[in-house]
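Structure first, commentary second.
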Amino acid sequence: SAIYELSCEAYKHLGKTSNYYWIDPDGSGALGPLKVYCNMTEDKVWTTVYHDLQMQTSVGGNSPEKLSVLQLNYSATMDQISAITSSAEYCEQFISYSCRMSRLLNTPEGNPYTWWVGKANEKHYYWGGSGPGIQKCACGIERNCTDPKYYCNCDADYKQWRKDSGMLSYKEHLPVSQVVVGDLDRPGSEAKVSVGPVRCQGDRNYWNAASFVTSSSYLHFSTFQGETSADISFYFKTSASDGVFLENLGNTDFIKLELKSATEVSFSFDVGNGPVEIVVRSPNPLNDDQWHRVNAERNVKQASLQVDQLPLEVRKAPTEGHTRLELYSQLYVGAAGGQRGFLGCIRSLRMNGVTLDLEERAKVTPGVKPGCSGHCTSYGMYCANGGKCVEKYNGYSCDCSKTAYDGPFCIKDVGAFFEEGMWLRYNFHSPGTSVKDLVSRTLLSSADPEITAPDLSLNKEELSFSFSTTKSPCVLFYVSSYTPDFMAVLVNPTGNLQIRYNLGGTKEPFNIDIEHRNMANGQPHTVNVTRNGRDIVLQLDHYPPTSYSLPATSDIQFNSPKALFLGKVIEIGKIDQDIYKYNTPGFTGCLSRVQFNQIAPLKAALRPTNASSHVHIQGELVESNCGASPLTIPPMSAATDPWHLDSASADFPYNGQAIGDGVNRNSAIIGGVIAVVIFTILCTLVFLIRYMFRHKGTYHTNEAKGAESAESADAAIMNNDPNFTETIDESKKEWLI
């Protein structure tokens, strides 16, 4: 059977991005795995469980019945959801009641008309935005209800539609399993009910940890009840070569887990037939200060031990003899009975599906500290594209501020769609910053920070971005200076890419022309340009990098850089003739993840950062990943990805909201295609009829130019990329059709 992770938090620490995953909240306990949506945001991990009640479910409308009961069926059992809510730090569920002459909580006798049923079949008389014991809606707490005499908008009993909605966030009461609507028996009474999915954030068990500072420190807990079956799992991290993880004794029976050497973990026990020991030997040292996972199980048939992904060691139990593990002493975690205890960190210690609260116990125990540090040593590699790993008390996060990306792992391109005539300028120094400040901060020049403005120069640059366009010629990227020096990336009239450097010392600018490759084909293309002194390396898409050299007479200093332009160059003074020509009408298309040395101009424009004051935009910048090159995110094939799930599997009841976005987009595209086909058939019929009746003139149809490109990679990218939503703007529509 597949081993599922315990929570979404665990998947994030395998470097997984947002998706549907199977989780098993109690390990090999009785609950079994369930499928949830894990939403990995920059600093939090959300676990979402859906149900089958449609949003805006109508109730009433002249129905004779007194009560209308709406039942919610989840894609998980109530026990499974309880396991998630109890280990979460925070949970919420949206609830909304739209009403027309249908009161919500207001009754003359004091019993509400409408209530909801939560965990353990308890009735609750508070509504979204309010809390337990407060029979009010959100507007009653904020004191802004339609009629100030009542505590809910619906209680005013108006003939117009009103609404009471908000979050239920008392997690001990969640999830909502039923909504019972009561005020429907008058003519004209009707209501609509919406309940969102249950969303939980954080996993207290996953990060529940303790650091053992001396080899004699230990934590003690009540006796482990594992007579016929024991299931123990935990993570450890150490630089010591040996030590006892945990031990529990009986008269002669015992159970024990220890690190025997730098490469050996041992699981030993005695149920009355003599001691048994299972050892897993690792080819690599386990005392490398990285997290390692241990899973030990014992039942009447067999015992097993697994460390990380190493092969499982199994030992069959003898056919006769004792089977019950009888323990009396307390359970010791760390040094037990004068043995050398474990030094380092243990976290997420689960015994038969229950997480032991190491953190609480460590707070009152000398020699043991609550929590752990140094998560970046284990998980820092998941912060991609120059993102920096930041230590947090419980885990880590990736700081993407110095990159052109965002998202939890700095792998989401930040890009935009440029309409014709639109441009962006990034000034290297905003008014009020001294130039030497700027140099040391943004351009990472190797020059001495004491230099003054006219002397500021670069002898190396690093530029990377991706783009897509169907119009040529155009200016993609340009850096101006206070001198005649400039650098430009252009698409020439034939659609080929050109890199142009003018650093002085040569009559004409130095050009690198990439012939025979049409870059204005609407596909995303990746460009990386690195210059170090005279040497320039260019990498285009997935082609091998090519090297070029500036002419011997050329200067190798880029003197006094002033501003960076995207889409068009609007600069005072003399400007290169070709660039001047390419400026009209300007660039139309998409640019993504633009980074020049330490500057990410598009990100500064689209995400408010301290660099945003440097940016000036002409026209409206629409965020879009239409220029994101698929090369930056290599898709894992379903066959090789062990966690691949068919997210649309039939056994999974979706919430209407969750899938609506995809359905609308797909049906829009399908509808569009059908419309085009019908239109083409009608046109053809008209032409045929005209032809048959006229017997003169030539018969021809002008097929739409983009017809064959509908099957192209562009359409494929648009159809497959879930982020490609509202940004299919005017210029794209002509491709889609």
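The values are calculated or read from the model by the stated rules, or taken from the named source; none is laboratory data. Just so we're clear, the structure is a prediction, and the values are computed from it rather than from any experiment. Cβ coordinates were reconstructed from backbone atoms using ideal geometry, including for glycine residues, and neighbour counts include every protein chain displayed. Accessible surface areas use protein heavy atoms only, side chains included; no ligands, DNA or RNA. Shrake-Rupley method; radii C 1.70, N 1.55, O 1.52, S 1.80 Å.
Condition (residue is in a loop (DSSP other than H, G, I, E, B), modelled with pLDDT under 85, open to solvent by 20 Å² or more (accessible area, probe 1.4 Å) and farther than 30 Å from residue 184 by Cα) applied to the stretch 43-59: is it met by at least one residue? Within the stretch 43-59, one or more residues are in a loop (DSSP other than H, G, I, E, B), modelled with pLDDT under 85, open to solvent by 20 Å² or more (accessible area, probe 1.4 Å) and farther than 30 Å from residue 184 by Cα.
Total residues in the stretch 183-209 satisfying the condition of being over 37 Å from the mean Cα position of the chain (by Cα) and surrounded by fewer than 21 Cβ atoms within 10 Å (Cβ to Cβ): the figure is 6.
If I filter the stretch 346-360 for residues that are among the small types (Gly, Ala, Ser), more than 20 Å from residue 10 (Cα to Cα), open to solvent by less than 40 Å² (accessible area, probe 1.4 Å) and in contact (Cβ under 8 Å) with a residue 40 or more places away in the chain, do I get at least one hit?
no
Apart from one condition, residue 212 fits all of (1) assigned by the TED database to the domain that holds residue 247; (2) surrounded by fewer than 21 Cβ atoms within 10 Å (Cβ to Cβ); the exception is (2). Among the residues of the stretch 8-42, those that are part of a helix (DSSP H, G or I) and not basic (Lys, Arg) comprise 8, 9, 10, 11.
Sort out which residues of the stretch 412-428 are in a loop (DSSP other than H, G, I, E, B) and farther than 18 Å from residue 628 by Cβ, and write them in order of number. The answer is 419, 420, 421, 422, 428.
Here residue 248 qualifies as buried (at least 19 other Cβ atoms within 10 Å of the Cβ), at negative phi, at pLDDT 90 or above and in contact with a Phe, Trp or Tyr (Cβ under 6 Å, 6 or more places away or on another chain).
Screening the stretch 363-377 for residues that are open to solvent by 20 Å² or more (accessible area, probe 1.4 Å) and part of a strand (DSSP E or B) and picking the one that is farthest from residue 342 (Cα to Cα) gives 370. In this structure, does residue 439 turn out to be open to solvent by less than 50 Å² (accessible area, probe 1.4 Å) and either at pLDDT 85 or above or in a strand (DSSP E or B) (or both)? The answer is no for residue 439.
Apart from one condition, residue 467 fits all of (1) open to solvent by less than 10 Å² (accessible area, probe 1.4 Å); (2) more than 24 Å from residue 583 (Cα to Cα); the exception is (2).
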